[in-house]
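S.K.: One structure follows; several queries about it will come next.
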């Protein structure tokens with residue numbers, strides 16, 4: 001199988017390659033194509049991949065090819081990972097600065113930051129989807145590009161059901177809850193292994209949109225074990241999301257929120273922590289990754305890999321640092337730094353579709369009547385069954401009352417953002433900002449939109 005990675009110079013590409021190296025199946029990926037708008041970044045990442053391949057004990061490491069054109073990368077591809085970032089980390093840092101100047105949270109996937117990021121990317125993604133449809137209509141697209149739900153919905157308008165959005169946050173949340181219950185002897189040992197990665201022994205009841213969802217049930221051997229967590233405040237506050245949201249609020253909801261809901265439930269505290277930080281997350285990553293890419297391409301492969309590992313660990317340790325500061329200034333545990341494994345989710349999708357190995361995964365897919373509050377085409381983040389016939393959302397209870405308003409409001413903002421990006425409609429962009437729960441004033445929305453348009457050449461189409 002041939003796998004194309006768009007945004008092939010992205011920092012997390014070695015995680016995907018690591019998962020491919022661990023795949024011992026007969027019909028594994030044999031070629032990985034990297035395409036990036038910045039060829040130097042792709043060269044640096046390819047250097048890391050060479051070291052990973054050299055360290056494996058098998059002689060079947062996927063061949064790595066750097067492609068100079070998009071068409072070269074797409075032709076004949078079986079699967080495509082889309083992980084592009086229009087404007088780069090520099091754009092993220094600019095969004096954060098603009099937001100903070102106007103009293104808003106600037107996180108890159110939600111609120112003003114997410115809308116600005118999407119508006120920069122929509123014209124590029126439209127062209128990309130059209131090229132995929134023309135050159136490799138048989139390919140399945142696995143979308144990592146943020147804001148993941150919005151971009152997946154946009155691509156589905158061209159590619160239909162052959163585009164699937166993924167995120168590792170829900171998987172990581174479910175795994176951390178089950179690990180906590182395992183340690184307390186409240187579920188069988190091993191329950192957490194494989195959760196959300198295709199293993200059907202544990203059923204995860206998770207519902208919402210990307211970065212706006214709730215874990216409301218965990219079935220282990222046919223029994224919902226989440227109430228066992230909710231009974232114990234000490235257990236709730238022993239893992240990352242529990243520390244962020246606190247036992248009282250989680251018990252009040254009767255569900256565990258996705259970590260990104262901290263920006264919604266603790267908006268003032270999160271903003272104050274961001275505003276007081278020495279550097280925003282984007283500024284920090286811009287400095288960190290600039291150093292990595294400047295050095296990695298020129299190092300021997302083994303040293304480039306070691307540098308990548310050190311950089312990755314630092315990145316994980318500082319993830320959502322200001323949110324943790326706002327919630328009591330706690331450090332991440334080693335278990336918290338294990339991602340949900342979006343790379344392994346992607347591998348499970350490929351196996352399920354290409355080899356008809358059914359898997360249950362939490363994915364971003366069209367609603368198709370699953371949630372009555374949203375139309376059929378609205379992309380939602382829910383548990384799904386994946387097999388050679390594609391992706392099938394699993395039956396789900398209606399949106400709970402606490403989720404209905406934020407989900408409907410955020411989806412409306414996404415739809416307005418898509419309209420703005422497709423039609424060059426500045427009014428739609430303003431409606432998106434005003435509708436979003438993290439923007440609290442029409443005047444502020446007008447001001448940040450004007451500054452974003454003046455700042456980013458990619459937004460000239462909205463002038």
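The numbers here are math on the coordinates, done by the rules we state, and not lab data. Computed from a predicted model, the values in this text were never measured in an experiment. Please note: Cβ atoms are built from the backbone with ideal geometry, for glycine as well, and neighbour counts cover all protein chains shown.
S.K.: Using packing as a proxy for protection, rank 219-226, 54-61 so that the peptide with the highest average count of other Cβ atoms within 10 Å comes first.
M.R.: On the way: 219-226: 14.4, 54-61: 11.1.
By packing density, highest mean first, the sequence is 219-226, 54-61.
S.K.: Starting from the Cα-Cα distance between residue 231 and residue 357, subtract it from 0.36 nm times their residue separation and give me the gain in nm to one decimal.
M.R.: Numbers: separation 126, 0.36 × 126 = 45.36 nm, distance 3.68 nm.
Once the chain is fully extended between residue 231 and residue 357, it gains 41.7 nm.
S.K.: Arrange 151, 66 by Cβ neighbour counts within 10 Å, fewest through most, would you?
M.R.: Details: 151 29, 66 18.
Exposure proxy ranking, most exposed first: 66, 151.
S.K.: Okay, moving on. In the chain, what percentage of the DSSP-assigned beta bridges are antiparallel, given to the nearest 5? Intermediate results must be reported in sequence, preceding the final value.
M.R.: Working: 27 of 47 bridges.
If I count the DSSP bridges inside the chain, around 55 percent turn out antiparallel.
S.K.: Whole angstrom only: what separates the Cα centroid of segment 156-177 from the Cα centroid of segment 72-122?
M.R.: 17
S.K.: Kindly list the residues of segment 238-264 that lie in the label zone of residue 373, defined by a backbone N under 16 Å from the point 7 Å along the Cα-to-C-beta vector.
M.R.: Inside the label zone: 253-258, 261, 264.
S.K.: Can you give me the distance in nm between label points at residue 313 and residue 69, each placed 7 Å from the Cα along the Cα-to-Cβ direction?
M.R.: So the two model labels end up 4.4 nm from each other.
S.K.: Moving on to the next point. Using only the alpha carbon atoms of segment 21-154, find the Kirkwood hydrodynamic radius as the inverse mean reciprocal pair distance, in angstroms to one decimal. Mind showing how you got there, number by number?
M.R.: Numbers: mean 1/r = 0.0596 Å⁻¹.
Hydrodynamic radius (Kirkwood, Cα pairs) of segment 21-154 is 16.8 Å.
S.K.: Counting other beta carbons within 10 Å of each Cβ, put 302, 331, 240, 153 in order, fewest first. Walk me through the numbers on the way to the answer.
M.R.: Working: 302 15, 331 9, 240 22, 153 27.
So the ranking, lowest neighbour count to highest, is 331, 302, 240, 153.
S.K.: Further, regarding this structure: Using Cα pairs under 8 angstrom and six or more residues apart, how large is the relative contact order of segment 2-165, in percent?
M.R.: Working: 266 pairs, mean separation 36.0, N = 164.
Dividing the mean separation by the residue count of segment 2-165 yields 22 percent.
S.K.: According to a simple spin-label model (label point 7 Å from Cα along Cα-to-Cβ), what is the distance in nm between residue 388 and residue 97?
M.R.: Distance between label points: 5.4 nm.
S.K.: Taking the alpha-carbon centroid of each part, what is the distance from segment 255-290 to segment 367-405 in angstrom?
M.R.: 28
S.K.: Next up: Counting pairs of Cα atoms in the chain, how many percent are more than 37 Å apart?
M.R.: Considering the chain, 21 percent of its Cα-Cα pairs are separated by more than 37 Å.
S.K.: Need one number: nm distance between label points at residue 442 and residue 26, each 7 Å from Cα along Cα→Cβ, rounded to one decimal.
M.R.: Those two pseudo-labels are separated by 6.6 nm.
S.K.: If you rank 284, 412, 206 by fewest surrounding Cβ atoms within 10 Å, what's the result? Write down the numbers at each step before the final one.
M.R.: On the way: 284 18, 412 15, 206 25.
Fewest-to-most Cβ neighbours within 10 Å comes out as 412, 284, 206.
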